[in-house]
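The values are calculated or read from the model by the stated rules, or taken from the named source; none is laboratory data. From a predicted model like this one, the values you see are computed outputs, not experimental measurements. The accessibility values were calculated without ligands, DNA or RNA, using every heavy atom of the protein model including side chains. Shrake-Rupley method; radii C 1.70, N 1.55, O 1.52, S 1.80 Å.
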Amino acid sequence: MTPATLIRLVAAMLVLTAVISVVMLQFDWNGVAGSSEADDVDLLTDVMIALSAFVYSIVLVMLGYSVWRYRAKPGDESDGEPIHGNTKLEVTWTLIPTVIVLFCAAYSWFILDKIEAREADRLQVDVTAQQFAWRFEYPEEGVASTELHVPIDRQAEFNLKALDVVHSFWVPEWRVKKDAVPGQPTSLVATPDREGEYELICTELCGVGHSTMRAPVIVESEQEFASWVEKQGGEGAAGGGAAGGGALAAEGQQIFDDQGCNGCHTLEAAGATGTIGPSLDEVLPQRSPDEIRSSILDPDAELSPGFGRGIMPQDFGDALSPQQLDTLVRYLSENAGGQK
Ligand code: CUA
């Protein structure tokens, strides 16, 4: 191969790299970006796409050149010339990939280091994952919720805990993702920089209800977040006491929703349509309040036909206060079986 041919081939590779890169970078691969980490991750993706285009171009150009230059003449049945080793070629094809891979590793390391840096004034959120629901506690604000509220432009640290199997915390718009592993606390940080409503998605196959294991994410202004915290605290303080009539229904449904019961069970009165567990409208009307209570506290003691062991969380005895449990049992026994 003459130097002039080599220069032409390299030029063809560079042009093809540019064309493929321009086309591929038109696509919005990762969707809406909603955190400051997202910009870094998206840039990393773009750089990787351009590098992949370069490697692909080398292969395509050399393939095309070989097909054209070394094609067999009609009627030529002879074997190719035997070749034994080519140091120059071997050094080249070792060196180029080595440089590319080392660059990718160093650049990824740099980005990871940057997006994992903890800021001093970050918001702490303790996240509990269990089949098939998320729970959020704000230790500094003293509130808990099944909706993830975070203020805009402030770093939030999510301390992940799993009660049963491995789950994974992912808000696509924030890009960052981390597993929640039983017995091994993990954490990740994100700095939301776009207000709006998003969805937290479990991205680790965790059982029959995996695809329904989602939670609303609300990114709001500092003031809106503060008033939400105040409202959550206010509701908690006002709870308890003997609730009756409409108040009981509202409070019972709140507990039903907060504990994630609606994710797995059908209960017309609560607008719940889950099918992972038995329909409460079907199985509860024949049960006494005491039986309903036992089923909440020890779900595996008696299973409805067709439903397996270990699917319903076993820890509602800890998660609910005795008052909340009373309210929930009364709510269920009075409302299951459709509106009465
Ligand atoms: Cu939890 Cu998938």
Share of alpha-carbon pairs per 10 Å distance bin for region 30-76, given as whole % = 22, 26, 20, 15, 11, 6, 1
Taking all protein chains as present, what is the carbon and sulfur share of the accessible area of the chain, in % to the nearest whole number, probe 1.4 Å?
-> 59 percent
If the cut-off is 30 Å between C-alpha atoms, which lysines fall inside it for Lys178, apart from same-chain ones fewer than 8 positions away?
-> Lys114, Lys161, Lys231
So how much accessible area does Lys114 have, in Å² to the nearest 10, using a 1.4 Å probe?
-> 110 Å²
Solvent-accessible area per residue, Å², over the chain with all protein chains present [probe radius 1.4 Å] = 57 Å²
Dividing the helical contributions, -39500 (n - 2.57) per DSSP H run of n ≥ 4, by the residues of the chain yields a 222 nm value, nearest 500 deg cm²/dmol, of -14500 deg cm²/dmol
Rounded to the nearest 10, the angle in degrees between the Cα long axis of helix 87-115 and the longest principal axis of the Cα atoms of the chain comes to 30 degrees
Express the C-alpha Rg of the chain as a ratio against the empirical globular expectation 2.2 N^0.38 Å, rounded to two decimals.
-> 1.44
Mind putting together the pair-distance distribution for region 39-103? All Cα pairs, 10 Å bins, whole percent per bin, short to long.
-> 15, 32, 29, 16, 7, 2
For the chain, longest principal axis from Cα atoms; helix 245-258 axis from its Cα atoms; angle between them, nearest 10 degrees, is 30 degrees
